[in-house]
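Student: Have a look at this one.
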Amino acid sequence: MPASEAKPVPPDFSTEDLFDVAAYPLNKPESAAYKDMLAAAVEGLNTVNCAQLANFVRPETLAAMQAEAEALAPDAVFHEASLNPYFSQPPEGTPADHPLNRFSPRRHGMVRGDKFARGGVIWSVFQNPDLCRFVAEALGYEKLYTYRDPYACTNVNVQPEGCEFAWHFDNNDFTVSFGLKQTEEGGAFEYVPNLRSREDENYDAVKQVLDGDRSNLRSLKLRPGDLQLFRGGYTLHRVTAPEGGERQSLLLSYVTDPEDIATSDKAIRIWGEAHPDHYARDRQLAEIN
Ligand SMILES: O=C(O)CCC(=O)C(=O)O
Ligand SMILES: [Fe+2]
C-alpha cells in the first residue's frame, strides 16, 4: 500500500495497532500460533543466544516510530570512549595482545528515556504488556517489569556513519531491540555465541575473534521493524560501521525487580546528569544500609 494510503495509527496503540499480530500473535497467548512463535524464539536463544523476529512492527507504526526517533536524534547524548570488550581496565602487566588490553574507539549517541512522549508509539511499544510477557517467556523469566529508570528505561541508539560499535560482552543479561534505521552497507550485527561461560573467560578464543577469525561468527542485519532478543553476556558481539548513513536501533530495558533504578553516581557517569528519582534512590539505599 503506498504511504499516502497508509491508515493512521489510532491514538490508543493497542497490541494490534503496534505489532503484526497476524504473523506474531502476541495478543493470543493461548493459541497454537503463539506457542510456535515462542518456541522459535526460545530455540534461537537456547542455541545461538539470539532470536530475530523480522517485520514485527506494523508498517504504519514503524513509520511513526521512525519519525519520533528522527526528531529526537539531535538530542542524543553522545558517548566517545576507547573501550576493551569488558569495559574494564586491565591489571598491570597484562600482555599487549591480550583481550583485556584490546581497546577500540566507540562513538555513538543515546536518546534518553524521558525524551519520549508518553502518548507516543515508542513509549507505547515499551509499555506494551503483551510484548513484556512474551519477552519474559522467551528468555525464561517468570515475570519482567519495564525498567523505571527515567533515562535508561528505553533509548534510541544512534550509530553515525563510519562508527563501529566494537566487539564487547554486555554487562546486562539480555537486550531487547528493534531496528529503526539501517544502511545498505555496513551496520551488521555480528556475534559469536557462547564464547565465554560463567566458569571460563576463554581469552584465547576471544583473542582469535579480535584478530579476525570469522569461523563461528554469525552476522545479521537488524532491519527497520525487526525485533531482536539477545543474550549478550556470554556472546561476543559488535555492530560494524554503517556506510552511507546512520544506523538507529531502539533498546528496551526490562528488569526482574520493579524497584530497580540507577543511583545518581551511575546516572551522572552515563548521562552527565541525574534525575530526582536517582537521588531518591540514593536516599533509599542510605536508609537501608
Ligand atoms: O544497537 C544494537 O543493535 C545493539 C548495540 C549493543 O551491542 C549494545 O548496546 O550493547
Ligand atoms: Fe552490546
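Student: Show the residue pairs that are 6+ apart or on different chains and have beta-carbon atoms under 8 Å apart, the first residue being within the range 255-275 and hydroxyl-bearing (Ser, Thr, Tyr), the second being assigned to a helix (DSSP H, G or I) and surrounded by 12 or more Cβ atoms within 10 Å (Cβ to Cβ).
Tutor: 263/278; 263/281; 263/282; 264/278; 264/279; 264/281; 264/282
Student: Across the range 274-289, what is the number of residues that are modelled with pLDDT under 95 and within 11 Å of residue 150 (Cβ to Cβ)?
Tutor: Taking the range 274-289 as the starting set, the residues that turn out to be modelled with pLDDT under 95 are 284-289.
After this cut, where a residue has to be within 11 Å of residue 150 (Cβ to Cβ) as well, the list is none.
Of the residues in that region, 0 qualify.
Student: Consider residue 180 carefully, then state whether it is surrounded by 18 or more Cβ atoms within 10 Å (Cβ to Cβ), within 14 Å of the chain's Cα centre (by Cα) and either in a strand (DSSP E or B) or not polar (S, T, N, Q) (or both).
Tutor: On the way: surrounded by 18 or more Cβ atoms within 10 Å (Cβ to Cβ): yes; within 14 Å of the chain's Cα centre (by Cα): yes; either in a strand (DSSP E or B) or not polar (S, T, N, Q) (or both): yes.
Considered against the rule, which asks whether it is surrounded by 18 or more Cβ atoms within 10 Å (Cβ to Cβ), within 14 Å of the chain's Cα centre (by Cα) and either in a strand (DSSP E or B) or not polar (S, T, N, Q) (or both), residue 180 comes out as yes.
Student: Residues to consider are 20, 36; find the one that is within 26 Å of residue 230 (Cβ to Cβ), surrounded by fewer than 14 Cβ atoms within 10 Å (Cβ to Cβ) and modelled with pLDDT of 95 or more. Explain how you work it out, then say what you get.
Tutor: Values: 20 fails: surrounded by fewer than 14 Cβ atoms within 10 Å (Cβ to Cβ).
Unique residue meeting the criteria: 36.
Student: Also, quick follow-up: Just name the residue that is farthest from residue 136 (Cα to Cα) out of those in the range 158-204 that are more than 15 Å from ligand 1 (Cβ to nearest atom) and polar (S, T, N, Q).
Tutor: Only one residue tops the list, namely 202.
Student: Looking at (1) out of contact with any helix residue (DSSP H, G or I) (no Cβ under 8 Å at 6 or more places or on another chain); (2) over 14 Å from residue 248 (Cβ atoms); (3) within 15 Å of ligand 2 (Cβ to nearest atom); (4) in a loop (DSSP other than H, G, I, E, B), find the lone condition where residue 195 falls short.
Tutor: The single condition residue 195 does not satisfy is (1).
Student: Moving on to the next point. Just a yes or no: is a residue in the range 72-85 touching a Leu at 6+ places or on another chain (Cβ under 7 Å) and either part of a helix (DSSP H, G or I) or farther than 24 Å from residue 18 by Cα (or both)?
Tutor: Start the filter on the range 72-85 by keeping residues that are touching a Leu at 6+ places or on another chain (Cβ under 7 Å), which leaves 84-85.
If we keep only those that are either part of a helix (DSSP H, G or I) or farther than 24 Å from residue 18 by Cα (or both) as well, we get 84-85.
Yes: one or more hits.
Student: Please work out which residue is surrounded by the most Cβ atoms within 10 Å (Cβ to Cβ), limiting yourself to the range 77-110 and to residues that are charged (D, E, K, R) and without any contact (Cβ under 8 Å) to a residue 40 or more places away in the chain. Before the answer, list the steps.
Tutor: Going through the range 77-110, the residues charged (D, E, K, R) turn out to be 80, 92, 97, 102, 106-107.
Now restrict to residues that are without any contact (Cβ under 8 Å) to a residue 40 or more places away in the chain: 80, 92.
Values: 80: 10, 92: 5.
Within the range 77-110, the match that is surrounded by the most Cβ atoms within 10 Å (Cβ to Cβ) is 80.
Student: Among 247, 223, which is the only one that is at pLDDT 95 or above and within 16 Å of ligand 2 (Cβ to nearest atom)?
Tutor: Numbers: 223 fails: within 16 Å of ligand 2 (Cβ to nearest atom).
Matching residue, one of 247, 223: 247.
Student: Right, something else. Here is a check on your reading of the model: is residue 149 within 16 Å of ligand 1 (Cβ to nearest atom) and not aromatic (Phe, Trp, Tyr)? So that I can check it myself, show each step before the final result.
Tutor: Values: within 16 Å of ligand 1 (Cβ to nearest atom): yes; not aromatic (Phe, Trp, Tyr): yes.
Here the answer is yes, as residue 149 does meet what is asked.
Student: A follow-up question, please. Of these, 249, 215, which one is away from ligand 1 (no atom under 15 Å from the Cβ) and either polar (S, T, N, Q) or crowded, with 22+ Cβ neighbours inside 10 Å (or both)? So that I can check it myself, show each step before the final result.
Tutor: On the way: 249 fails: away from ligand 1 (no atom under 15 Å from the Cβ).
Matching residue, one of 249, 215: 215.
Student: Let me ask something else about it. Being free of Cβ contacts under 8 Å to residues at least 24 places away in the same chain and surrounded by fewer than 16 Cβ atoms within 10 Å (Cβ to Cβ), is that true of even one residue in the range 226-245?
Tutor: Of all residues in the range 226-245, those free of Cβ contacts under 8 Å to residues at least 24 places away in the same chain come to none.
Scanning the range 226-245, I find no residue that is free of Cβ contacts under 8 Å to residues at least 24 places away in the same chain and surrounded by fewer than 16 Cβ atoms within 10 Å (Cβ to Cβ), so the answer is no.
Student: Identify, by number, the condition in (1) within 16 Å of ligand 1 (Cβ to nearest atom); (2) surrounded by fewer than 21 Cβ atoms within 10 Å (Cβ to Cβ) that residue 257 doesn't meet.
Tutor: (1)
The values are calculated or read from the model by the stated rules, or taken from the named source; none is laboratory data. This is a predicted model, so every value here is computed, not measured. All Cβ positions, glycine included, derive from the backbone under ideal geometry; neighbour counts span all protein chains shown.
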